[in-house]
Amino acid sequence: MNVTVTNILKRVLPLKGFCYRWARWVRDAGIEGPAVLEVGLAARRGAKACCGRCGRTAPGYDRPEKVRCWQFISLWAIQIYFLYAPRRVHCKRCGVRMERLPWASGKLQVCDALRIFLAQWARLLSWQEVAVRFQVKWDDVYGAVKWVVRYGLRHRDLGGISALGVDEVCVAKGKLWTVVYQIDQGARRLLWIGQDRKAATLEMIFNRLGRARCATVRFICSDMWQGYLGVIARRLPQALHILDRFHIRKNLGEAIDQVRRAEVHAMARAGISPLLKKLRWTLLKHRRHWTAKERRRMRELLGSGLRSLRAFLLVESFEHFWTYNSPTWADKFLKGWSQKVARSRLAPLQRVARSLVKHRALLLNYFLARKEYSSGVVEGLNNKLKLTLKKSYGFRTDLARKVALYHALARLPEPKLTHSFF
């Protein structure tokens, strides 16, 4: 068989009811450089046209003489365009409609194969870079990604979800979004995005999942925000609710920082030398992460009796809580630790300890789940989410941000093609 452009296209993108008639070179309006390829399409003899809306076969209405043009995937950096004059049909159900075209959908002048191709590259490069590399407009890349995401959300499988992670992320100044992930082993993906941080927003995802899918959820991770706790207890009573270890450590770190800040101000008012100068991040780190200089400075402060040092040692001792395997022994440790904090006269740390005791049942669920589920997976997905938002710097609408996040993190199915271009 002769290797021609039309024969290659027949193998790569066969079109039911249509055929490739010819291919020709066309130079770009007098500009020196590589020409473009135009490929003429025609309806097969005897093939019936289909309604562009419902897909049913329908008799022809007329054939407009205006030829439309669709861009296809470039071949060796040579742009390829499909040319065809689409027919109008008279559908009994939909009326007079444009016929359905197997290579393109909608009104965009881009083939569906090119849209999938651009969307696949848009996971690896910025959208602007994809537009430059493949000689299309940025709007074409955005439209391609949005089309693929819309298809994926309609066709994704939401069955078999047994573990969820709930958190909030800051996408702009003063703007928090609620995100819900699936964190099952081998199936970690973004499920849903809410454009605020409210209890009603979390209710919406459970309404979309439905009662049957919610009943299959066995584990869920979140922080200690009261809005999340109330909704989860009401909508997922059968699930083990595991508190976010990351946020617990964050709250303890903030307590240390409050103690340190108050002590620094008190020492400054009393005219005492600033012993805690440049030790803020040292007190917020684990001891095993200290540098040699930080170890030397902390060793010098051991006998000083500073409140900040006592707060750090109490917080550092709490890390032993996560090493237990038995919830019973973990509970005993938590009670003993909270009693020590209650006698420490460190108000910020006492508030955190009271909160932990209040939510002790949720803390112990971490051990009942045999440490298989924690917020570490959620924080890892949050890092990927933040990286996607940084790559999306300059997006002006929340819709574009949501499309980028679903495209990068939701592991959505894509429309099937005869040939894989990537």
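The values are calculated or read from the model by the stated rules, or taken from the named source; none is laboratory data. Note that the structure is predicted; figures quoted are calculated from it, not measured. Heads up, the Cβs are rebuilt from the backbone with ideal geometry, glycines too, and the neighbour counts pull from every protein chain shown. Side chains included, ligands, DNA and RNA excluded: accessible areas come from the protein's heavy atoms. Shrake-Rupley method; radii C 1.70, N 1.55, O 1.52, S 1.80 Å.
Please report the carbon-and-sulfur percent of the accessible area for segment 192-296; probe 1.4 Å, protein heavy atoms only, DNA, RNA and ligands left out. Intermediate results must be reported in sequence, preceding the final value.
Values: 3210 of 5870 Å².
Using a 1.4 Å probe with all protein chains present, segment 192-296 comes out at 55 percent carbon and sulfur.
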**Asked** Considering only DSSP beta bridges with both partners in the chain, what is the antiparallel share in %, to the nearest 5?
**Response** 75
**Item:** segment 109-119 - phi-based ³J(HN,Hα) in whole Hz, Karplus 6.51/-1.76/1.60, Gly and Pro as x
**Value:** 8, 9, 5, 4, 4, 5, 5, 5, 4, 5, 5
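Would you compute, from DSSP H runs of 4+ residues alone, the mean residue ellipticity of the chain at 222 nm, taking -39500 (n - 2.57) per run and dividing by the full residue count, rounded to the nearest 500? Please list the in-between numbers first.
On the way: 15 runs with 189 residues, N = 422.
Calculated mean residue ellipticity at 222 nm is -14000 deg cm²/dmol.
Do you know the relative contact order of the chain, to the nearest whole percent, from alpha carbon pairs under 8 angstrom that are 6+ apart? Provide the component values of the computation, followed by the final result.
Numbers: 580 pairs, mean separation 55.5, N = 422.
13 percent.
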**Message:** Quick check on packing: order 6-19, 131-144 by the mean number of other C-beta atoms within 10 Å, highest mean leading.
**Reply:** 131-144, 6-19
**Fill in**
Cα extents of segment 121-264 per principal axis, largest first, Å, are 59, 50, 28
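Using 0.36 nm times the number of residues separating H247 and K10, minus their current alpha carbon distance, what extension gain do you get?
79.7 nm
Give, in nm to one decimal, the length gained when the segment between M267 and W76 is fully stretched (0.36 nm per residue of separation minus the Cα-Cα distance).
Working: separation 191, 0.36 × 191 = 68.76 nm, distance 7.10 nm.
Separation in residues times 0.36 nm, less the Cα-Cα distance, equals 61.7 nm.
Determine the alpha carbon to alpha carbon distance for each of K107/K146; K146/K402; K250/K285; K173/K390; K175/K250 and list only those over 18 Å. Each step should come with its number before you reach the end.
Details: K107/K146 14 Å; K146/K402 10 Å; K250/K285 11 Å; K173/K390 14 Å; K175/K250 20 Å.
Over 18 Å apart, Cα to Cα: K175/K250.
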**Request:** Please provide three numbers in whole Å: the alpha-carbon extents of segment 196-250 along the principal axes, with the largest listed first.
**Result:** 35, 24, 13
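Trypsin sites (Lys or Arg not before Pro) within segment 232-328: which are DSSP loop residues with at most 12 other Cβ atoms inside 10 Å? Walk me through the numbers before you get to the answer.
Numbers: sites: R234, R235, R245, R249, K250, R260, R261, R269, K277, K278, R280, K285, R287, R288, K293, R295, R296, R297, R299, R307, R310; in loops: K277, K278, K285.
Qualifying residues, ordered by number: K277, K278.
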**Asked** Measuring from label point to label point, each 7 Å out along Cα→Cβ, what is the L124 to N2 span in nm?
**Response** 3.5
**Prompt:** What is the distance, in nm, between label points placed 7 Å from the Cα along the Cα-to-Cβ direction at R63 and at T397?
**Reply:** 3.8
**Prompt:** Going toward the positive end of the dipole of segment 18-129, with +1 on Lys and Arg Cβ and -1 on Asp and Glu Cβ, which of C51, G106, W70 do you reach last?
**Reply:** C51
**Item:** Peptides ranked, highest mean first, by Cβ atoms within 10 Å: ranges 177-185, 353-361
**Value:** 177-185, 353-361
**Request:** Name the shape class, rounded, prolate or oblate, that the alpha-carbon gyration tensor gives for segment 134-211, where a ≥ b ≥ c are the square roots of its eigenvalues, rounded holds for a/c under 1.5, and otherwise prolate holds if a/b is larger than b/c and oblate otherwise.
**Result:** oblate
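Exactly which trypsin sites (Lys or Arg not before Pro) in segment 145-231 are in a DSSP loop and have at most 11 other Cβ atoms within 10 Å? Don't jump to the answer; show the numbers that get you there.
Numbers: sites: K146, R150, R154, R156, K173, K175, R188, R189, R197, K198, R208, R211, R213, R218; in loops: R156, K173, R197, K198, R218.
Of the trypsin sites (Lys or Arg not before Pro), the ones in loops of segment 145-231 whose Cβ has at most 11 other Cβ atoms within 10 Å are K173.
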**Message:** Given N residues in segment 209-291, what is its alpha carbon radius of gyration divided by 2.2 N^0.38 Å?
**Reply:** 1.74
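Over all directions, the average projected area of the alpha-carbon convex hull for segment 328-422 comes to how many nm²?
Working: hull surface 44.9 nm².
Orientation-averaged projected area of the Cα hull: 11.2 nm².
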**Request:** Can you bin the chain into rounded, prolate or oblate? Criterion: square roots of the alpha carbon gyration tensor eigenvalues sorted a ≥ b ≥ c, rounded for a/c under 1.5, prolate for a/b above b/c, oblate for the rest.
**Result:** prolate
**Item:** Accessible surface, segment 193-330, averaged per residue in Å² (probe 1.4 Å)
**Value:** 56
**Request:** Obtain the nm distance between the two label points defined at A361 and T328 by a simple spin-label model: each point lies 7 Å from its Cα along the Cα-to-C-beta direction.
**Result:** 2.0
